[in-house]
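Asks: Here's a structure for you.
The values are calculated or read from the model by the stated rules, or taken from the named source; none is laboratory data. Everything numeric here is computed off the predicted structure, so don't read it as measured data. Quick reminder, even Gly has a Cβ in these numbers, built from the backbone with ideal geometry, and neighbours come from all protein chains shown. The accessibility values were calculated without ligands, DNA or RNA, using every heavy atom of the protein model including side chains. Shrake-Rupley method; radii C 1.70, N 1.55, O 1.52, S 1.80 Å.
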Amino acid sequence: MPSQLVQAAVICGITWILWKLCRQWVVKSPLDNIPGPSSNSWVYGNLSQLLALDSLPFHNYLLENYPGIASLKGSFGSKILYVFEPSALHHVFVKDQYIYDEGKFFFRSNELLLGKGLLATWGDHHRKQRKMLNPVFSPKHMRHMVPIFYDVGRLLVRAIDERVRPTGSAELDVNEWMGRTALEFVGQAGLGYSFDPLVNDKADEFASSLKTFSGALAKAAIPRRILPYLPRFQGPFAGLGHWLMTMVPHDAVQTLVALADRLWGRSTEIYSNKKVALERGESLGERVGDGKDIMSTLLKANMEASGEDKLAEEELIGQMGTLILAAVDTTSNALSLIMTRLAEHPDVQQKLREEIFSAGADKGLDFDALMGLPLLEAVCRETLRIDAPVTQVFREVNQDVVLPLSQPIRGRDGTTIHEIHVPKDTVVVAGLLNCNRNKAIWGEDAYEWKPERFLSPLPSTVTEAKIPGVYSNLMTFLAGGRACIGFKFSQLEMKVILSLLLSKFTFEKTAQPIIWNMAGVRYPSVGKHGGKASLPMKISLYKGAGD
């Protein structure tokens, strides 16, 4: 009898797997009539084109050949709906955001790698965490943190000055220095902790390992969809589940595991020290961040919260790891993109420098004055539009749903389609970068970097498109309940760094070819896709700068 039960279980399991693999060939789907490109792989479908480090030409192809909607192939012939038109994005991210949720692989792999932070929770649990975190990322709280941002920014200026001043110019890796500085911003302003005083020529092992995250995550895109189903015991970084992860024969997976261990260990150390200090009634005002940092404020608020609103200790530690990884790569690479554009356009670089001097931003401004500098804002906006660090995000539909379109499209059979019936379990890919560069919205010059477009009223095609993004008619920081909670933090960091650096130095490209890798967060490398993150630039003392 037991053997018969085992046989029955095996047969049922094999039947279920075969049905999952073959149903798309048997059962007709409404997505079959949506136009889209062919795929050259049944195993990977268009995913290999969509997720490759050199995928920009494929994204351009989708943008130029489809009207905001395209049908793609996923693994083993499954259907993917690719979306970049504003009305559909509004439904995905705002109106029906709880139907179009992050994929299970996203939540579970993030829990394994980062703990139970914002990127690993959903539904009521996510809303509870976000409610606790919203106040510490508000403009009101950012205003109190401006002095910390300037203190860290001046550490970077001093570090670069020491390397440039002896000869008047030097070739430095801008991406590495931006990464180290972003980590110190997160450390001091986010965690009340100093990771790197920006003294040594090279970052320490912890800071260096963080810069491997985007590349490793991109290379582990397929295994990442399997990792979440490994057993987990006693938390995300302990027990059999963790041991099994260390046994996966994949270099990128091992890089992620090692980074997760370092991140969890450092986050736990910082949390424990802060918790002990607060429990003893010690003042945090004389510590790094003056007690105004995000985590000190969050810990105090959590101690005062009612039982149902409190976050568990594991969740608080998870927020710390999430903050470190989410803030370091995105902002440092965004700054690298801005510096690249300014090096390509020295006239804009000089105009921006003049605005900075005129406003006194080189000496330091308050939050509202700094955020209100028009050309500085235009340069940041335009770069975040055309070079969005995050190219796309994935969603999974948890029930059958109708997706309305702002403009009808023509189906494969020639019929006119005004709305799409999206079946449960469909994967939806939101093309953030392509929405930002859509010529139907932004005009024929949508592929051109033109900060001046934000110095005058935007065309009606932009304002009437009702793009749902939380930032400036762009999808760069997402929209709805899972929009980037730290985008004001990121904006403040970028503007402090740019105002301090440009008032002291000039930036020029070198002869070395720079490749931008389309990873989860795009990053630069020299000469080839998949290389070490690096952006060498010639940095010179600005002759008009004072000592």
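Asks: To the nearest 10 Å², what's Asp251's accessible area with a 1.4 Å probe?
Replies: 130
Asks: In addition: Using only Cα atoms, figure out Rg for segment 326-470 and give it as a multiple of 2.2 N^0.38 Å.
Replies: My calculation over the Cα atoms of segment 326-470 gives 1.33.
Asks: Could you give the length gained by full extension between Thr167 and Leu458, i.e. 0.36 nm per residue of separation minus their alpha carbon distance, to one decimal place?
Replies: Length gained, Thr167 through Leu458: 100.3 nm.
Asks: Positive end of the dipole of the chain, charges at C-beta (+1 Lys, Arg; -1 Asp, Glu), about the Cα centre: which of Met339, Gly153, Leu311 has its Cα farthest in that direction?
Replies: Highest projection toward the positive end goes to Leu311.
Asks: What shape does segment 424-509 have by the C-alpha gyration tensor, where a ≥ b ≥ c are the square roots of the eigenvalues, rounded means a/c under 1.5, and otherwise prolate means a/b greater than b/c and oblate the rest?
Replies: It is oblate, given that a/c is not under 1.5 and a/b is not larger than b/c.
Asks: So what's the chain giving for Rg/Rh, alpha carbon basis, Kirkwood Rh from the mean inverse pair distance?
Replies: 0.97
Asks: Based on the Cβ-Cβ distance from Lys128 to Glu444, what FRET efficiency comes out when R0 is 35 Å, to the nearest 0.05?
Replies: Efficiency for this residue pair is about 0.15.
Asks: Give the distance, in whole Å, between the Cα centre of segment 32-58 and the Cα centre of segment 98-143.
Replies: 29
Asks: Suppose each label sits 7 Å from its Cα in the direction of the beta carbon; what would the Arg154-His345 distance come out to in nanometres?
Replies: Calculated label separation equals 3.1 nm.
Asks: How high is the relative contact order of the chain? Use alpha-carbon pairs under 8 Å, at least six apart in sequence, and give a whole percent.
Replies: 23
Asks: If you average the C-alpha positions of segment 380-445 and of segment 200-214 separately, how far apart do those two centres end up, in angstrom?
Replies: Centre-to-centre distance over Cα atoms comes out at 35 Å.
Asks: Using 0.36 nm per residue of separation minus the Cα-Cα distance, give me the extension gain between Asn40 and Ser194 in nm, one decimal.
Replies: 50.6 nm
Asks: If you don't mind, another one. Any idea what the dipole of segment 65-120 comes to, in debye rounded to 20, about its Cα centre with Lys/Arg Cβ at +1 and Asp/Glu Cβ at -1?
Replies: Dipole of segment 65-120, to the nearest 20 debye: 180 debye.
Asks: Determine which residues of segment 471-500 fall in the zone a paramagnetic label at Lys95 would reach in this model, i.e. backbone nitrogen under 20 Å from the point 7 Å along Cα→Cβ.
Replies: Once the point is set 7 Å along Cα→Cβ of Lys95, 471, 473-475, 478-483 turn out to lie under 20 Å by backbone N, inside segment 471-500.
Asks: Scanning the chain for helices, which whole DSSP H stretches are 27 Å or more long along the axis (Cα) and average -1.0 or more by Kyte-Doolittle?
Replies: Going by DSSP H runs, the hits are 2-26, 139-164, 251-279, 313-344.
Asks: Another question, then. What is the gain in length, in nm to one decimal, between Thr246 and Lys528 on full extension, counting 0.36 nm per residue of separation less the C-alpha to C-alpha distance?
Replies: Answer, rounded to one decimal: 98.7 nm.
Asks: Let me ask something else. Under unit Cβ charges (Lys, Arg +1; Asp, Glu -1), what dipole magnitude, rounded to 20 debye, does segment 33-149 have relative to its Cα centre?
Replies: Roughly 600 debye, rounded to the nearest 20.
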